[in-house]
Amino acid sequence: KSWGKIKLTDITIQHPSGFKPLVNLTGRISFGDEHIDIDKIQGWYGDSPIMLSGQLTPKSKSLIDFDISLKSNNWTRNNFENIPYLQSLKFVGSLNSDIRLKGNRDSFTFKSEIDLTQAAYKFQDVIHKQENNSNKIELEGTYSKNKGITLDQFKFILDSNSFTGTGNIKNLSDPKYLIKFKGIGFESNTIGPLMDIFSNNVGGKIDFNI
């Protein structure tokens, strides 16, 4: 049962820790007997448009359960400024993201898709991707305050090829991790523009399990 609504029009929210402000927020928030509905709130974070929707359910001991979806287009490197663990990412161009979070601050599941087609990036002088090459990353997993991050599925898609992986990161402040990758039938001429070691390949397929 809904007993109240708030309409947002051109609202700005400033985070105290240095994040960029959320600006030009518009949308509706509905209050019910047990939950709060977020109805397609739209706005801007830095130079990128965002859209937020979902539901919040207050629980005991100050915990709030959430089930929220966040979409953003044209996300640039400048928008990662002052975001812990992400501010050091280096790329040019832009990316699009679609993220869903479900749980509470102590434990939640996450599912995300990141489209890197319009981005160019480099990783440790080994991988270097140029802009306008079809490239997506899909992530699914869980976060626990006690166990850290469990990555149930990591999927890296490049053109029509993909490889998958799983992983664990126990402590974000001291990120020790275990990650496994597996790929079957990955076309070597697709990896050529991405990795120097395969730059002269004209054909063939690669299977790997790392």
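If R0 is taken as 41 Å, the Cβ-Cβ distance between residue 83 and residue 60 corresponds to a FRET efficiency of 0.85.
What residues of region 81-106 lie in the reach of a label at residue 35, counting those whose backbone N is under 14 Å from a point 7 Å from the Cα along Cα→Cβ? So the set is 101-104.
Put simply, the amide H of residue 119, placed in the peptide plane, has neighbours under 5 Å in 94, 132, leaving out anything fewer than 5 places away on its chain. Couplings for region 100-113, taken from phi via the Karplus curve 6.51 cos²θ - 1.76 cosθ + 1.60 with θ = phi - 60°, read 10, 10, 9, x, 9, 5, 8, 7, 8, 9, 9, 9, 8, 10 Hz in order; Gly and Pro are left as x. Stretching the chain fully between residue 24 and residue 152 yields a gain of 42.5 nm (0.36 nm per residue, less the alpha carbon separation). Largest accessible area first, the listed residues 75, 3, 44 line up as 3, 44, 75 when surface is computed with a 1.4 Å probe on the assembled protein chains.
Each residue of region 144-156 was assigned a 3J(HN,Hα) from its phi angle through the Karplus expression (A = 6.51, B = -1.76, C = 1.60, θ = phi - 60°), giving 9, 4, 8, 10, x, 9, 10, 9, 6, 8, 10, 10, 9 Hz with x at Gly and Pro.
If you keep only loop residues by DSSP, which trypsin sites (Lys or Arg not before Pro) in region 79-108 have at most 10 other Cβ atoms within 10 Å of their Cβ? Walk me through the numbers on the way to the answer.
Values: sites: 90, 100, 102, 105; in loops: 90, 105.
For trypsin sites (Lys or Arg not before Pro) across region 79-108 that sit outside H, G, I, E and B with at most 10 neighbouring Cβ atoms in 10 Å, the list reads 90.
Rolled with a 1.4 Å probe across the full set of protein chains, the surface gives residue 35 an accessible area near 60 Å².
The values are calculated or read from the model by the stated rules, or taken from the named source; none is laboratory data. Everything numeric here is computed off the predicted structure, so don't read it as measured data. Positions of Cβ are backbone-derived with ideal geometry, glycine not excepted, and every protein chain shown enters the neighbour counts. Surface areas here come from the heavy atoms of the whole protein model, side chains and all, with no ligands, DNA or RNA. Shrake-Rupley method; radii C 1.70, N 1.55, O 1.52, S 1.80 Å.
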